[in-house]
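Working notes, structure below.
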Amino acid sequence: MAMNLEELNKIANKMVAPGKGLLAADESTGTIQKRFDKIGVQNTEENRRDYREMLFRTDKSMREHISGVILFDETLRQKAKDGTPFVKLIDAAGAVPGIKVDAGAKALAGAPGEVVTEGLDGLRERFVEYHRLGARFAKWRAVIDIGKDIPTYNCINANAQALARYAALAQENGIVPIVEPEVLMDGDHDIEACEKVTSWVLQEVFSQLFYAKVALEGIVLKPNMVVPGMKCAKQNSAAEVAERTVRLLKQHVPSAVPGIAFLSGGQSDLDATANLSAMNAIGGMPWPLTFSYGRALQAAPQKAWSGKVDNLDAGKAAFAHRALMNSLASLGKWKQADEKAS
Ligand code: 13P
């Protein structure tokens, strides 16, 4: 299929529309197991369906605050209890259905402590099927860890090359690639270390995208924010995270990119919202900055639901609240007091 850049650009712009962001509901069966374990829910196909149906049927929030939903293979093919395909529910809310296509991070040979994301084999054929099933964007997550003597250039380069090959294949098949190089916030490194590594990673990613002839007008970048490791003794303010992240992005991300949608990466719900809002409050950026959160949008609804039919309304309310808070943050308008008001 010849690439239609105009169409890709239209989809990408829709994904970062003002006041909206992405819901990352693409947990693999193994990852959702970890989330369900925390709330004592059995990881059955039915429970996974009921949980995700609760989110996708939070109608007003889906319509007003969610531009797109990242799905896992099973969910893209799944139907709601009444037989409506999930893709239809998402479409009906005016949001774009998307698909996680990577096969996860595996140990990188010869590189102790480092990983590379797999999933390129057969990807062209999978994209053809995913497009037929209704997906209009995709996600591939590369994982870079900070530790003693890591990351190495070998790891950054291998991951950036894979991201670029994935992105080129997605565009070839009419699908907008979310390019997600995640520098992990595990560990005890400080904010400077995160800034340095993220800078190196973004530099390499945009080089490889260039060599692979990926059209920047048809991607969405999903980066980490510049934050200290979770175990670092010094935790920085939202203002400092915002200033460093915006400075770094301006140094590395061409203005041709339609938008940037951050991952939450293990930040608390409130930090993820406060940091995003602080960035947008700075203003004057060439691209919209929004959210593509998994945990920071779902931890609260998961807890409120806890697998009980009687809690469906409470689960929806918790999701609606975080979606609204992050929508405000994407406009730079969130205030701590809003947490109580809604
Ligand atoms: P988190 O916001 O939980 O980091 O998930 C986003 C995501 O899609 C990670 O790949």
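Any read-out appearing in this document is the output of simple, stated calculations on the displayed coordinates, not a laboratory observation. A quick note: this is a predicted structure, and the numbers were derived from the prediction, not measured. Reconstructed Cβ throughout: ideal geometry from the backbone, glycine too, with neighbour counts over all protein chains shown.
Determine the dipole magnitude for the stretch 141-184: charges of +1 sit on the beta-carbon of Lys and Arg, -1 on that of Asp and Glu, nothing else is charged, the reference point is the Cα centre, and the result goes in debye to the nearest 20.
On the way: 3 positive and 5 negative charges, 11 e Å.
With Lys and Arg at +1 and Asp and Glu at -1, about 60 debye.
Give the distance, in whole Å, between the Cα centre of the stretch 175-191 and the Cα centre of the stretch 1-51.
What the calculation gives is 17 Å, centre to centre.
Could you give P(r) for the stretch 23-83, binned at 5 Å from zero, as whole percent values over all Cα-Cα pairs?
4, 17, 29, 25, 18, 7, 0
Using helices alone, I'd like the mean residue ellipticity at 222 nm for the chain: each DSSP H run of four-plus residues gives -39500 (n - 2.57), total over residue count, nearest 500. Write out the running numbers ahead of the final one.
Working: 14 runs with 167 residues, N = 342.
Roughly -15000 deg cm²/dmol at 222 nm, from the helical runs in the chain.
Quick check on the exposure proxy: order CYS155, CYS194, CYS232 from fewest to most C-beta atoms within 10 angstrom. Mind showing how you got there, number by number?
On the way: CYS155 21, CYS194 27, CYS232 17.
Sorted ascending by nearby Cβ count, the order is CYS232, CYS155, CYS194.
If the only charges are +1 at each Lys and Arg Cβ and -1 at each Asp and Glu Cβ, what is the size of the charge dipole of the stretch 117-260 around the Cα centre, to the nearest 20 debye? Kindly include the intermediate steps, with their values, before the conclusion.
Numbers: 16 positive and 18 negative charges, 76 e Å.
It works out to roughly 360 debye.
Got a sec? Charge dipole of the stretch 207-263, +1 on Cβ for Lys and Arg, -1 for Asp and Glu; which of LEU263, GLY229, GLN208 is way out at the positive end?
Comparing the listed Cα positions along the dipole, GLY229 ranks first.
Is there a quick way to get the dipole size of the stretch 60-134? I mean about its Cα centre, with the Cβ of Lys and Arg at +1 and of Asp and Glu at -1; what is the value in debye to the nearest 20?
Numbers: 11 positive and 11 negative charges, 76 e Å.
Dipole about the Cα centre, nearest 20: 360 debye.
What is the spread of the Cα atoms of the stretch 205-270 along each of their three principal axes, largest first, in whole Å?
42, 20, 19
State, to one decimal in nm², a quarter of the convex hull surface area for the C-alpha atoms of the stretch 234-342, i.e. the direction-averaged projected area. Don't skip to the answer; put the middle values down first.
Numbers: hull surface 30.5 nm².
Value for the stretch 234-342: 7.6 nm².
Kindly state, to the nearest 0.05, the FRET efficiency for GLU7 paired with ALA80, given R0 = 30 Å and r defined as their beta-carbon distance. Walk me through the numbers on the way to the answer.
On the way: r = 28 Å, r/R0 = 0.94.
With a Förster radius of 30 Å, E is 0.60.
Given THR58, ALA138, GLY113, which one lies farthest toward the positive end of the charge dipole of the stretch 51-153, if we put +1 on the Cβ of every Lys and Arg and -1 on the Cβ of every Asp and Glu?
Farthest towards the positive end: THR58.
Which order, highest average first, do 321-327, 161-167 follow once you tally other Cβ atoms within 10 Å for each residue and take the mean per peptide? Write out the running numbers ahead of the final one.
Details: 321-327: 24.3, 161-167: 22.7.
So the order, starting with the most tightly packed, is 321-327, 161-167.
Taking Cα pairs under 8 Å and at least six residues apart, what relative contact order does the chain come out at, in percent?
Values: 695 pairs, mean separation 65.7, N = 342.
In percent, rounded to a whole number, it is 19.
Rounded to whole Å and sorted largest first, list the principal axis extents of the Cα atoms in the chain.
51, 48, 39
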